[in-house]
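Everything on this sheet refers to the single structure shown next.
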2 protein chains.
Amino acid sequence: MNRADLARIEEANAEFYAAFEAGDLDRMSAVWADGAHASAVGCVHPGWPLLRGREEVLRSWALIMANTPYIQFVLTDLHTEVHGDQALVTCSENIITVDDSSGPGEMLAGGSVVATNVFLRVEGEWRLLHHHGSPVLNQMEEDEDE
Amino acid sequence: MNRADLARIEEANAEFYAAFEAGDLDRMSAVWADGAHASAVGCVHPGWPLLRGREEVLRSWALIMANTPYIQFVLTDLHTEVHGDQALVTCSENIITVDDSSGPGEMLAGGSVVATNVFLRVEGEWRLLHHHGSPVLNQMEEDEDE
């Protein structure tokens, strides 16, 4: 595996989360695959069914970002596999967000999401083709892993 | 995309679910990548954190199959993308199983899981490298999709 490629894939992965943290739809749009690959773009938000197609996926991000006043990710267990022009990244998203469900306030809430991110190399750029995030509901196996 | 390849990938995907339905650990073992790729094997069961490595993943399947007296899958929304030797399959797993949590019985229970399956072509055979299944908790977006 090419070391420079690996660094570029991890940068693309980090930019996906940074765009969400910044609530910046333009940056989020730039992360995802476009053109001939737009219709193959897929995204599973935690607990959601699959959304298909770049337009549908970006619409969901606009909605989610509009409803997320604050979010921060600490990524752990980052693992990257490259096979040709496709890269498979997995990571744990350790999330800090603001829970204002019990009224406006500064309550910080946390959570853990496991993510599968598939990137595609298009004209030298690694673009996100598929994101699958799911809630970790049961910590039992994680303890066993350590 | 090669038509014969596509058929072989969809066969490999179907065999993954058939092995689970049959509760056959040998068939399940044959589905997953081995050899040089064994350490890169990854699996997320619905609600679980990521399990890494062929041995760890197959151990989880042995446990799950031992605790699943009956399960049947109806796959819908099957979508396959091939880029070189890596294939990305997504599908909805519509599950029929037996719920005996309220005592022994014939109660059928259902559920919906969205799956991302990544296959790798190794010596001409498509082998499962990564499975990510997650519960669909909210039907809201599915309705919007239609």
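Failed condition for B:Leu58, given (1) at pLDDT 95 or above; (2) closer than 24 Å to A:Pro49 by Cβ, with all others met?
(2)
Counting only residues that are within 14 Å of chain A (Cβ to nearest Cβ) and polar (S, T, N, Q), which one in the range B:57-103 is surrounded by the fewest Cβ atoms within 10 Å (Cβ to Cβ)?
Across the range B:57-103, the extreme among qualifying residues is B:Asn67.
If I go through the range B:26-56 residue by residue, how many of them are more than 14 Å from every other protein chain (Cβ to nearest Cβ) and either among the β-branched types (Val, Ile, Thr) or assigned to a loop (DSSP other than H, G, I, E, B) (or both)?
The total comes to 2.
Can you tell me which residue among B:Val122, B:Val118, B:Val113 is hydrophobic (A, V, I, L, M, F, W, C), surrounded by fewer than 16 Cβ atoms within 10 Å (Cβ to Cβ) and either over 15 Å from B:Thr76 (Cα atoms) or modelled with pLDDT of 65 or more (or both)?
Among B:Val122, B:Val118, B:Val113, only B:Val122 is hydrophobic (A, V, I, L, M, F, W, C), surrounded by fewer than 16 Cβ atoms within 10 Å (Cβ to Cβ) and either over 15 Å from B:Thr76 (Cα atoms) or modelled with pLDDT of 65 or more (or both).
The values are calculated or read from the model by the stated rules, or taken from the named source; none is laboratory data. Note that this is a predicted model, so its numbers are computed, not measured. No Cβ is skipped: glycine too gets one built from the backbone with ideal geometry, and neighbour counts run over all protein chains shown.
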